[in-house]
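What follows is one structure encoded as structure tokens, with my remarks underneath.
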Amino acid sequence: SDALRWLARQGVAEPAGVEFAGAVPRERWTSLVAGSRVYVSAARFEDWGVAQMEALAAGTPLVTVPTPGPNAALPLARKVGPELIASDSGADALATALRAGLSLGEEDRARYATAARDALRPYSDAALRRIVAERVVPALLDR
């Protein structure tokens with residue numbers, strides 16, 4: 001897989017217990033994210049944070065770094081689980097955030113999932129349709 005070739009180029013052995021799924025159909029992707037104990041993202045730059053948004057939508061605790069870029073998911077993740085956001089992009093800070101994510105009990109995970117769904121309400125289909133109907137269409141018609 002691409003991941004294993006990348007690890008080999010870095011001189012890193014394949015980690016035990018890690019499944020490298022490679023490219024998968026969307027249904028499988030969302031199932032993997034929803035079934036994960038945590039979703040870890042340590043990108044060096046994040047355009048929009050779509051995969052992170054999907055983790056939040058699934059209620060899966062998002063462990064991430066303060067990635068530069070127009071990442072819409074990062075402020076939501078900070079709101080929902082600030083202890084899961086690394087203080088910087090270094091390995092030690094990410095490890096601390098990952099430990100916090102892995103230590104979440106069932107009640108904490110349920111609270112996280114509820115808070116994540118609440119944080120995502122402005123991004124729902126209904127909210128987007130309302131914005132288009134109330135702001136975008138009138139602005140277009142006024143021109």
Item to check | Check on Asp142, of a type in the set (Asp, Glu) and either at pLDDT 95 or above or under 17 Å from Glu46 (Cβ atoms) (or both) | outcome: no
Checklist entry - Out of all the residues in segment 31-69, which are farther than 20 Å from Asp118 by Cβ and open to solvent by 50 Å² or more (accessible area, probe 1.4 Å)? => result Ser31, Gly35, Arg37, Val40, Ala42, Arg44, Phe45, Asp47, Trp48, Pro68
Checklist entry - Any chance segment 3-25 includes a residue that's modelled with pLDDT of 90 or more, closer than 21 Å to Thr64 by Cβ and of a type in the set (Phe, Trp, Tyr)? => result no
Checklist entry - Mind checking which residues of segment 66-91 are among the small types (Gly, Ala, Ser) and more than 25 Å from Gly105 (Cα to Cα)? => result Gly69, Ala72, Ser89, Gly90
Next on the checklist: Would you confirm whether or not segment 117-131 contains a residue that is part of a helix (DSSP H, G or I) and among the polar types (S, T, N, Q)?
Outcome noted: no
Checklist entry - Within segment 38-65, which residues are out of contact with any strand residue (DSSP E or B) (no Cβ under 6 Å at 6 or more places or on another chain), part of a loop (DSSP other than H, G, I, E, B) and at pLDDT 95 or above? => result Gly59, Pro61, Val65
Checklist entry - Consider Ser87 against the criteria (1) part of a helix (DSSP H, G or I); (2) at pLDDT 95 or above; (3) more than 15 Å from the chain's Cα centre (by Cα); (4) surrounded by fewer than 17 Cβ atoms within 10 Å (Cβ to Cβ): it satisfies all of them except one. Which criterion is unmet? => result (1)
Checklist entry - With respect to Arg111, is the statement that it is under 15 Å from the mean Cα position of the chain (by Cα) and open to solvent by 60 Å² or more (accessible area, probe 1.4 Å) true? => result no
Checklist entry - Which is farther than 25 Å from Ser31 by Cβ and open to solvent by less than 70 Å² (accessible area, probe 1.4 Å), of Pro82, Pro75, Pro138? => result Pro138
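The values are calculated or read from the model by the stated rules, or taken from the named source; none is laboratory data. Small disclaimer: the values here were computed from a predicted structure and weren't measured. With ideal geometry, Cβ positions are generated from the backbone for all residues, glycine too; neighbour counts draw on all protein chains shown. What goes into the accessible areas is simple: the full protein's heavy atoms, side chains included, and nothing from ligands, DNA or RNA. Shrake-Rupley method; radii C 1.70, N 1.55, O 1.52, S 1.80 Å.
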